[in-house]
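The values are calculated or read from the model by the stated rules, or taken from the named source; none is laboratory data. On a predicted model such as this, the values are computed, not experimentally measured, just so you know. Reconstructed Cβ throughout: ideal geometry from the backbone, glycine too, with neighbour counts over all protein chains shown.
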Amino acid sequence: MKFFLDTADLAEIEEAASWGVLAGVTTNPTLYSRIGGKLSGFHDHLKRICELTDGPVSGETVGLTRDEIVREGEELAALAPNIVVKVPVMPEGLAATKCLYDKGIKVNMTLCFTVPQAIMSARAGAFYVSPFVGRFDDISEDGIEHLANMVAALNNYDFGHSVEVIAASIRSANHVTQAALIGADIATVPFAVLKNIVKHPLTDRGLESFLADWEKVKNS
């Protein structure tokens with residue numbers, strides 16, 4: 001499974017990239033606003049993210065009609081070769097995805113919650129489908145079960161192009177573990193979650209024991 005970082009923070013992206021585990025980034029205007037970004041600088045900021053990231057960078061459209069989404073998607077795709085256009089699942093989004101696919105522009109279909117939505121997204125030409133695991137948990141449903149159903153359904157078919165499942169809205173190490181066991185291709189996680197899943201109490205104890213033993217060796 002690959003790890004995407006869900007952020008607009010350049011320092012977080014640089015740090016995750018330095019670990020050798022960063023395969024891509026997903027971001028949106030909301031995440032950008034949280035770091036004090038202004039709309040006028042959003043495209044330049046996306047370019048900088050693309051420079052720091054070897055893999056795909058998903059930039060989100062905000063239009064609600066197919067023409068608006070296609071226009072925004074073309075503008076985003078022109079920023080850098082590794083831009084992927086994030087489009088929400090809806091009739092206009094599907095139509096726009098088909099247009100963008102025909103233009104050779106990759107789409108990440110977001111806000112995906114059902115098997116039919118996932119299949120229609122892939123049929124329309126989406127290269128990435130993003131089920132939102134944590135949003136199900138917010139309404140007391142099993143997000144991992146929904147994710148598993150979408151992964152299994154998509155694996156049943158040949159869509160004529162690569163389709164990867166992004167486990168989105170990941171909130172915990174358990175989400176990451178379950179997504180990997182299910183066979184999700186990617187987990188997109190906030191930096192705080194990425195830092196947390198590196199850690200384990202037994203790892204910490206092992207490091208403490210190692211350092212204590214090494215001090216004994218040095219002082220012997």
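Filtering region 159-187 to residues that are among the charged types (D, E, K, R) and modelled with pLDDT under 95 leaves only 171.
Consider region 54-71 and keep the residues that are part of a helix (DSSP H, G or I) and in contact with an Asp or Glu (Cβ under 8 Å, 6 or more places away or on another chain). The one that is surrounded by the most Cβ atoms within 10 Å (Cβ to Cβ) is 69. Of all residues in region 10-45, those satisfying the criterion of being farther than 24 Å from residue 164 by Cβ, out of contact with any Asp or Glu (no Cβ under 7 Å at 6 or more places or on another chain) and assigned to a loop (DSSP other than H, G, I, E, B) are 36, 37, 38. Scanning region 10-38 for residues that are closer than 20 Å to residue 186 by Cα and of a type in the set (D, E, K, R) yields a count of 3. When 51, 74 are checked against the criterion of being surrounded by fewer than 21 Cβ atoms within 10 Å (Cβ to Cβ), under 27 Å from residue 90 (Cα atoms) and either touching a helix residue (DSSP H, G or I) at 6+ places or on another chain (Cβ under 7 Å) or at pLDDT 95 or above (or both), 74 stands alone in meeting it. Per the listing 207, 194, the residue uniquely assigned to a helix (DSSP H, G or I), in contact (Cβ under 8 Å) with a residue 40 or more places away in the chain and either over 17 Å from the mean Cα position of the chain (by Cα) or at negative phi (or both) is 194.
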